[in-house]
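For reference, the structure is listed below as structure tokens.
The values are calculated or read from the model by the stated rules, or taken from the named source; none is laboratory data. Please read these numbers as outputs of a predicted model, since none were measured by experiment. All Cβ positions, glycine included, derive from the backbone under ideal geometry; neighbour counts span all protein chains shown. Surface accessibility is based on the protein's heavy atoms, side chains included, excluding ligands, DNA and RNA. Shrake-Rupley method; radii C 1.70, N 1.55, O 1.52, S 1.80 Å.
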Amino acid sequence: MEHKPALYALIKLHAEIGGKLQADQAQREKLIEDMKHVEAVLHLRGSGFNALPISIKRRNNPNPLFKRGHVIRGALGILRTATTPMSAEEIALALFRSKGVEEPARDDLHRLYGAVSASLLNNKDVTLHDGRPRRWTLGN
């Protein structure tokens, strides 16, 4: 292989098409054909090339209510006013309610729960309490 950038670009294209394939069921047939064409070019470039190890590229679905960096700010604000340790799910529900959403969709709640949990794990200002579910407080 003398053109590694071309090979890298084809593998990246294959992963992106795979991600679109999962996200867009309406164009499924066209995307499958596109993916087959990319695989054919990959086979031409390298004999015995296996496309199975190429993982699909997930599309990021940001929450429209919370911009980048706002989840941790909101979670810390809720923990400041909390009188007892709170779980990430309770914090996520409180964040939705602060935006006027009383009953969020299950998928939205699950995504925000993951964002809150990851944000709190990476923050040095919060304390993790033992037990399940994990409960958090602000400070020591």
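Here is how the numbers come out for the structure above:
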item	result
Charged-residue dipole, Cβ positions (Lys, Arg, Asp, Glu), the chain about Cα centre, Debye nearest 20	360 debye
Percent accessible area from carbon and sulfur atoms, the chain, protein chains only, probe 1.4 Å	51 percent
Using alpha-carbon coordinates, inclination of helix 28-45 to the longest axis of the chain, degrees	60 degrees
Heavy atoms of H43 accessible to a 1.4 Å probe, total area in Å² rounded to 10	90 Å²
In the chain, lysine pairs closer than 17 Å at Cα, eight or more apart or cross-chain	9
Solvent-accessible heavy-atom area per residue, rounded to whole Å², over the chain at 1.4 Å	72 Å²
Acute angle (nearest 10 degrees) that the helix 106-121 long axis makes with the longest principal axis of the chain, alpha-carbon atoms	80 degrees
Listed candidates [x] 15.8; [y] 8.5; [z] 12.4 - label of the one calculated as mean projected area of the Cα convex hull in nm²	[z]
